[in-house]
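The values are calculated or read from the model by the stated rules, or taken from the named source; none is laboratory data. These figures come from a predicted structure and were not determined experimentally. Using ideal geometry, Cβ is built from the backbone for each residue, glycine included, and neighbour counts are taken over all protein chains shown.
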Amino acid sequence: MRREEKFLWLKISLLTAAVSVLGMLSSGKRTKTEKYYNKKLKTPVWAPPGWLFGPAWTFNNLFLIRALFRLMDKEADVEDRKKLLGMQAAIWVCFFSFGYVFFKKRSPVLGAVWTQTDALLALASFVIAIRKDKKLAANYAPLLVWTWFASSVAWYTAVKNPDPLLNR
């Protein structure tokens, strides 16, 4: 492995750790969020346990950051770079604001909307990227799979629980 590649992996790894920690901090105290998710909400039988979200999002973030580095590489021949960068920005907005709307504001409905938006952005990014750059598209696959699965959990949770923020 070339020195530049090792350094790139170090940068990607450090950035992944940083954004994952920031995402966790936006949700509030872990004990409170896990108690809310695991004990207060009615979730479907297929819902993952609360502890799985941290590792899942760290994994998703790793691949999203790899995609971002590819998109930022001016030497890479990436079709629709600006469109993909815009969608990447929207994905990050969803990621960093989800904890606030779902855990701090206790809104299962907005949590479902955020999750579905993230899933649609991942799908659109994957579809655009796969036409010309399968390696880039592969970086969107983990988010695509996770958010579509999570959308089923989120919509079930939104339907089965009250939403004090939206008075429903």
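Being loosely packed, with under 12 Cβ neighbours inside 10 Å and more than 20 Å from the chain's Cα centre (by Cα) narrows it down to one residue among 39, 32; which is it? Lay out the reasoning, then the answer.
Details: 32 fails: loosely packed, with under 12 Cβ neighbours inside 10 Å.
That would be 39, the only listed residue that is loosely packed, with under 12 Cβ neighbours inside 10 Å and more than 20 Å from the chain's Cα centre (by Cα).
Between 84, 166, 144, which is touching a helix residue (DSSP H, G or I) at 6+ places or on another chain (Cβ under 6 Å) and more than 22 Å from residue 44 (Cβ to Cβ)? Outline the logic, then answer.
Numbers: 166 fails: more than 22 Å from residue 44 (Cβ to Cβ); 144 fails: more than 22 Å from residue 44 (Cβ to Cβ).
After applying the criteria, what remains is 84.
If you go through segment 69-77 one residue at a time, do you hit one that is outside any loop (DSSP other than H, G, I, E, B) and surrounded by fewer than 17 Cβ atoms within 10 Å (Cβ to Cβ)?
For segment 69-77, residues outside any loop (DSSP other than H, G, I, E, B) and surrounded by fewer than 17 Cβ atoms within 10 Å (Cβ to Cβ): present.
Please enumerate the residues belonging to segment 126-141 that are closer than 25 Å to residue 46 by Cα and in a loop (DSSP other than H, G, I, E, B).
none
For segment 111-168, how many residues meet the condition of being touching a Leu at 6+ places or on another chain (Cβ under 9 Å) and of a type in the set (Asp, Glu)?
2
Suppose we filter 109, 153, 113 for residues that are crowded, with 16+ Cβ neighbours inside 10 Å, modelled with pLDDT of 95 or more, in a helix (DSSP H, G or I) and touching an Asp or Glu at 6+ places or on another chain (Cβ under 6 Å); which single one remains? Walk me through how you get there before you give the answer.
Working: 153 fails: touching an Asp or Glu at 6+ places or on another chain (Cβ under 6 Å); 113 fails: touching an Asp or Glu at 6+ places or on another chain (Cβ under 6 Å).
Going through 109, 153, 113 in turn, the sole match is 109.
So, residue 119, is that one in contact (Cβ under 8 Å) with a residue 40 or more places away in the chain and closer than 27 Å to residue 33 by Cα or not? Please lay out each step first, then the result.
On the way: in contact (Cβ under 8 Å) with a residue 40 or more places away in the chain: no; closer than 27 Å to residue 33 by Cα: yes.
No; evaluated as a whole, the condition is false for this residue.
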